[in-house]
1. Could you tell me whether Leu159 is farther than 17 Å from Ile94 by Cα, crowded, with 16+ Cβ neighbours inside 10 Å, touching a residue at least 40 places away in the same chain (Cβ under 8 Å) and of a type outside the set (Ser, Thr, Tyr)?
2. Could you grab me the full set of residues in the range 1-44 that are hydroxyl-bearing (Ser, Thr, Tyr), exposed (fewer than 12 other Cβ atoms within 10 Å of the Cβ) and farther than 30 Å from Met74 by Cβ?
3. So, restricting to helices (runs of 4 or more DSSP H) that lie completely within the range 140-208, which ones have at least 2 residues that are modelled with pLDDT of 95 or more?
4. How do the pairs read when you match residues in the range 122-144 that are of a type in the set (Val, Ile, Thr) with residues anywhere that are assigned to a loop (DSSP other than H, G, I, E, B), using Cβ under 8 Å and keeping only pairs 6 or more apart or on different chains?
5. Could you check, for the range 100-115, whether at least one of its residues is open to solvent by less than 90 Å² (accessible area, probe 1.4 Å), aromatic (Phe, Trp, Tyr) and part of a helix (DSSP H, G or I)?
6. Of all the residues that make up the range 119-139, how many are open to solvent by 100 Å² or more (accessible area, probe 1.4 Å) and in a helix (DSSP H, G or I)?
7. Among the residues of the range 41-93 satisfying the criterion of being outside any helix (DSSP H, G or I) and among the hydroxyl-bearing types (Ser, Thr, Tyr), which is farthest from Leu152 (Cα to Cα)?
8. Do we find a residue being over 26 Å from Val181 (Cα atoms) and of a type outside the set (Gly, Ala, Ser) anywhere in the range 139-153?
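The values are calculated or read from the model by the stated rules, or taken from the named source; none is laboratory data. Note that this is a predicted model, so its numbers are computed, not measured. Counting neighbours? That spans all protein chains shown, and the Cβs are built from the backbone with ideal geometry, glycine included. Remember, those area values only see protein heavy atoms, side chains included, never the ligands or the DNA or RNA. Shrake-Rupley method; radii C 1.70, N 1.55, O 1.52, S 1.80 Å.
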Amino acid sequence: MEKLRCAKCGVRACSAEPGTKKYPPFCPMSTKAALLSKAEEAYLSQDDLREFALAAARTEAAGYCKETRLEEIMNFARRIGARRLGIASCIGLIHEARILQDILEANGFEVESVCCKVGSIAKEKIGLKDEEKIRPGQYESLCNPVGQAMLLNEAGTELNIVVGLCVGHDSLFFKHSEAPVTVLVAKDRVTGHNPAVSYTHLTLPTKA
């Protein structure tokens, strides 16, 4: 089976009008044409999916290189008719989450916010050893993205915004949230939450 490796493509024929550029041999537009036809048909046959995709495309076009991500999130929310927004935040970014809630409410949204330590579950309860903690010998609450999702589900949020959930915890939140999810802040403590710089300036190891 041909591997999916668009990241290594130098042609980018998919962004051009069909037929104007030749696809590389590994391009899924050649190797997975039938599957991609099903995806296209989904947009054309499912009204809710088409409207969601239209809202995303219109948000992209309207804010391209002009609006911040936060402005785009608010405009996207308006386009899909989402008035009740949820914030799932890391407790380490609770200050930023508070500012975000204030901004969203000032712009007419109803907002529910839940931090990651909600429930105060001891990490030992799921089998984590003391020496595996960030600070061994101290109490540490388990990050609880499932609880965050359940609380926001019960609150009836229509679009949830992630603010700095850790790797893995964010995955659990995406999996359990009933509302669609977008990310405002991607956690990366080392780079000041700008993960793109953590790899775009790295030098790949060379073979001997």
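1. Yes, satisfied.
2. If we filter the range 1-44 for residues that are hydroxyl-bearing (Ser, Thr, Tyr), which is where we start, we get 15, 20, 23, 30-31, 37, 43.
Narrowing the set further to residues that are exposed (fewer than 12 other Cβ atoms within 10 Å of the Cβ) leaves 15, 20, 37.
Listed by number, the residues that qualify are Thr20, Ser37.
3. Of the helices (runs of 4 or more DSSP H) lying wholly inside the range 140-208, those with at least 2 residues that are modelled with pLDDT of 95 or more span 145-155, 169-176.
4. Close Cβ pairs satisfying both conditions: Ile126/Leu142; Ile134/Glu140.
5. no
6. Taking the range 119-139 and keeping what is open to solvent by 100 Å² or more (accessible area, probe 1.4 Å), we get 125-126, 129, 131-132, 134-135, 138-139.
This time we only want the ones that are in a helix (DSSP H, G or I), so: 125-126, 131-132.
Residues that pass the stated criteria total 4.
7. Tyr64
8. Going through the range 139-153, the residues over 26 Å from Val181 (Cα atoms) turn out to be 139-140.
From the residues that got through so far, the ones that are of a type outside the set (Gly, Ala, Ser) too are 139-140.
Checked against the condition, which is being over 26 Å from Val181 (Cα atoms) and of a type outside the set (Gly, Ala, Ser), the range 139-153 yields at least one hit.
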